[in-house]
1. Every residue in the range A:73-85 that is among the hydroxyl-bearing types (Ser, Thr, Tyr) and more than 9 Å from chain B (Cβ to nearest Cβ), please.
2. Restricting to the range A:554-587, and then to whatever is in a loop (DSSP other than H, G, I, E, B) and within 14 Å of chain B (Cβ to nearest Cβ), can you tell me which residue is modelled with the lowest pLDDT?
3. Quick check on my filter: what residues within the range B:8-25 are more than 9 Å from every other protein chain (Cβ to nearest Cβ), of a type in the set (A, V, I, L, M, F, W, C) and closer than 15 Å to residue B:70 by Cβ?
4. Which of the residues belonging to the range A:188-232 are among the hydrophobic types (A, V, I, L, M, F, W, C) and outside any helix (DSSP H, G or I)?
5. Would you call residue A:244 buried (at least 24 other Cβ atoms within 10 Å of the Cβ) and either in contact with a Ser or Thr (Cβ under 7 Å, 6 or more places away or on another chain) or more than 10 Å from chain B (Cβ to nearest Cβ) (or both)?
6. For residue A:88, are the conditions met, namely being at the interface with another protein chain (Cβ under 8 Å from one of its Cβ atoms), in contact (Cβ under 8 Å) with a residue 60 or more places away in the chain and more than 25 Å from residue A:338 (Cβ to Cβ)?
7. Looking only at the range A:72-127, filter to residues that are part of a loop (DSSP other than H, G, I, E, B) and under 24 Å from the mean Cα position of the chain (by Cα); which one of those is nearest to residue B:81 (Cα to Cα)?
8. Filter the range B:39-78 down to the residues that are under 22 Å from residue B:26 (Cβ atoms) and outside any helix (DSSP H, G or I) and list them by number.
Amino acid sequence: MEIKAWTYVMVGLTFSVYLTIAWLSRVKDTKGFYVAGGGVPALANGMATAADWMSAASFISMAGIISFQGYTGAVYLMGWTGGYVLLALLLAPYLRKFGKYTVPDFVGDRYYSSTARLVALVCAIFVSLTYVAGQMRGVGIVFSRFLEVDVNTGVIIGMVIVFIYAGLGGMKGITYTQVAQYCVLIVAFLIPAVAISVKITGHVIPQIGFGSSIISGPDAGKYLLDTLNQIGTDLGFREYTSAFGPGNKSMLDVFAMTMSLMVGTAGLPHVIIRFYTVPSVRAARLSAGYALLFIAILYTTAPAVASFARYNMVNTINDKTYTEAPSWFNNWETTGLIAWLDKNNDGIIQYRAGAAFVGKPEFTGAQGVLGQRTISNAPTDSANELYVDRDIMVLANPEIAGLPAWVIALVAAGGLAAALSTASGLMLVIASSISHDLYYRLINRNASEKSRLALGRVMIGVAVCVAGYFGINPPGFVAQVVALAFGLGASSFFPILVLGIFWKRATREGAIAGMIAGIGFTMMYIIQTKFLGMGWWFMGISPEGIGFIGMLLNFAMVIGVSAVTPAPPQEIQDMVETVRFPRGAGMAVDH
Amino acid sequence: MDMKEYWKKNVGYMIVLLSIWAIVSYGCGILFVEPLNTIKMGGFPLGFWFAQQGSIYVFVVLIFVYYLLMQRLDRKFDVHE
């Protein structure tokens with residue numbers, strides 16, 4: 001069977017599994033809808049959290065980014081895993097003991113303030129919306145590349161599927177679908193990784209193969225990473241494993257970005273609410289461990305894939321004539337993710353440091369003398385002739401390694417699983433922020449169970465449509481606002497959640513001031529540097545790393561303002577006291 | 001009084017574990033990555049290995065260690081569920 005037929009089989013099969021799970025886990029009450037009834041086993045919650053957390057970016061883009069950045073890619077590896085240690089030690093057990101439905105629930109109750117609740121719910125919606133737009137786009141792109149359907153049709157198919165299982169089963173439906181999605185995406189990621197590791201280094205475990213020597217070809221016997229460093233130096237790139245220095249991020253920036261991503265992870269509402277779904281405080285601690293274990297399987301494999309892919313790519317393409325380039329090169333050139341501009345007209349592909357031409361390739365529709373797709377972009381001075389989209393590193397991996405068609409189809413299903421699982425978790429946050437935090441907690445405290453559940457379902461529908469709209473009409477800033485989502489998570493929620501648990505004296509005024517100052521500064525810096533063209537004026541820190549400074553500002557404001565405002569009422573201080581001890585966690589309550 | 005003791009122990013575990021968390025990632029993976037890179041572990045420069053592999057393994061272990069320590073502590077102070 002050819003690739004396309006296999007892809008239909010794989011995607012069809014996985015989608016019918018998701019829909020079956022949705023039907024089996026449909027819910028009838030708000031507790032089921034918002035926190036899956038509070039009875040999800042730790043292991044299942046760990047898998048669901050892992051799928052929830054790992055988006056299309058983790059599955060498709062991350063290995064590619066590392067492949068091009070070398071050492072600096074560690075920012076994402078450490079940043080997107082280290083946050084779980086903070087979650088497990090500082091937040092998850094206590095928020096579980098507190099036992100409500102959403103993050104604004106905790107903020108509103110702990111800081112005895114509707115204003116704080118409102119600020120928190122606006123943050124939660126904003127963070128989740130920026131994220132979800134990118135996910136739906138990812139769904140559309142996977143559909144269009146592998147099944148040759150229109151991107152927009154792909155987005156709509158994805159919307160319908162998510163609406164069915166999230167609307168029917170709420171958090172419960174999402175949780176058990178995510179368990180299945182985790183299994184699909186991890187298998188899809190590991191099979192090509194193992195096959196390529198065996199091919200290049202002879203080791204079955206990619207994490208070991210990555211530090212071993214190459215078994216065949218001109219570099220046989222040399223360590224893979226040494227070879228990559230050599231290739232880097234020869235072609236004018238930085239050494240793959242070396243840190244900082246010219247052309248690299250500064251130590252301070254690497255530090256700030258890693259911290260921003262870690263703290264941002266621990267402050268993202270769709271991750272935090274997963275810990276409300278387990279039956280006990282003990283299970284919350286344990287499921288954070290499982291979640292990180294399941295995430296680590298992909299996150300330690302990704303840098304191995306990155307190095308194999310870099311080696312393979314340079315070796316099979318560089319200084320080869322266009323006519324002898326492997327078939328995957330032409331396949332991906334067709335999709336526009338690879339472009340070749342033969343600057344010196346020698347018919348040979350030269351891959352060097354620097355961009356080959358200005359901007360993304362704009363194909364003229366005509367073919368060059370050798371059959372390559374010609375482009376109209378202005379060439380640069382660089383000797384480089386090759387444009388390679390970083391997403392190729394994972395998507396084309398099975399083809400580069402010469403794996404069978406069903407593996408390629410599996411990667412497509414894995415990419416879809418990663419994007420859909422994250423999208424559904426985010427949509428639940430958006431829906432619950434409006435139907436629970438805004439409508440039930442702030443507008444109508446007498447709403448019946450039935451009407452609240454109905455509203456929750458309607459809001460899922462609305463969230464799906466909004467996400468779909470952004471998926472079909474992606475605003476130009478989608479890629480850029482991902483930094484904003486992490487910056488916001490880091491600079492708004494994390495400090496006030498941690499202080500709310502560990503410092504009884506933290507007051508309402510302190511929390512509101514902290515959230516506003518943290519978000520305000522972070523947003524201002526990102527807007528200035530990303531959209532208004534200002535330089536990185538704060539100690540040369542990139543907009544991706546500024547959430548770290550916003551977080552420090554938030555901490556300082558909460559502590560400073562709390563010190564000069566009246567202490568929280570006694571019952572709040574008592575509540576903080578009870579949150580610290582596991583006994584009596586019981587079920588999540590909605591009063 | 002007992003509860004104060006329980007909380008103090010818990011905070012103590014957290015400080016130790018978070019120090020390890022910071023040392024492997026921010027220490028070995030970022031601040032001292034260059035000197036560590038002069039040491040080789042198989043094909044890996046050590047600092048690079050910490051940044052792209054080692055720190056993640058340690059993170060996983062830290063969470064499970066905290067889980068086990070707290071389970072024991074909860075029992076000892078009779079606050080378990």
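1. If we filter the range A:73-85 for residues that are among the hydroxyl-bearing types (Ser, Thr, Tyr), which is where we start, we get A:76, A:81, A:84.
Residue satisfying the conditions is A:76 alone.
2. Here is the first cut: in the range A:554-587, the ones in a loop (DSSP other than H, G, I, E, B) are A:565-569, A:580-587.
With within 14 Å of chain B (Cβ to nearest Cβ) added as a condition, the list becomes A:580-587.
Details: A:580: 91, A:581: 88, A:582: 88, A:583: 83, A:584: 76, A:585: 69, A:586: 62, A:587: 53.
That would be A:587.
3. B:15, B:16
4. Going residue by residue through the range A:188-232, those that are among the hydrophobic types (A, V, I, L, M, F, W, C) are A:188-191, A:193-196, A:198, A:200, A:204-205, A:208, A:210, A:214-215, A:220, A:224-225, A:228, A:231.
If the condition is that a residue be among the hydrophobic types (A, V, I, L, M, F, W, C) and outside any helix (DSSP H, G or I), then A:204, A:205, A:210, A:214, A:215, A:220 are the ones that fit.
5. Working: buried (at least 24 other Cβ atoms within 10 Å of the Cβ): no; either in contact with a Ser or Thr (Cβ under 7 Å, 6 or more places away or on another chain) or more than 10 Å from chain B (Cβ to nearest Cβ) (or both): yes.
Against the criterion (buried (at least 24 other Cβ atoms within 10 Å of the Cβ) and either in contact with a Ser or Thr (Cβ under 7 Å, 6 or more places away or on another chain) or more than 10 Å from chain B (Cβ to nearest Cβ) (or both)), residue A:244 does not qualify.
6. Numbers: at the interface with another protein chain (Cβ under 8 Å from one of its Cβ atoms): yes; in contact (Cβ under 8 Å) with a residue 60 or more places away in the chain: yes; more than 25 Å from residue A:338 (Cβ to Cβ): yes.
Against the criterion (at the interface with another protein chain (Cβ under 8 Å from one of its Cβ atoms), in contact (Cβ under 8 Å) with a residue 60 or more places away in the chain and more than 25 Å from residue A:338 (Cβ to Cβ)), residue A:88 qualifies.
7. At the first step, the residues of the range A:72-127 found to be part of a loop (DSSP other than H, G, I, E, B) are A:99-102, A:111-113.
Right, trim to under 24 Å from the mean Cα position of the chain (by Cα) and you get A:101-102.
Details: A:101: 20, A:102: 23 Å.
So the residue we want is A:101.
8. Looking only at the range B:39-78, we keep the residues that are under 22 Å from residue B:26 (Cβ atoms), and these are B:39, B:41, B:44-66.
Listed by number, the residues that qualify are B:39, B:41, B:44, B:45.
The values are calculated or read from the model by the stated rules, or taken from the named source; none is laboratory data. Computed from a predicted structure; not experimentally measured. As a convention, Cβ positions derive from the backbone with ideal geometry for all residues, glycine included, and neighbour counts pool all protein chains shown.
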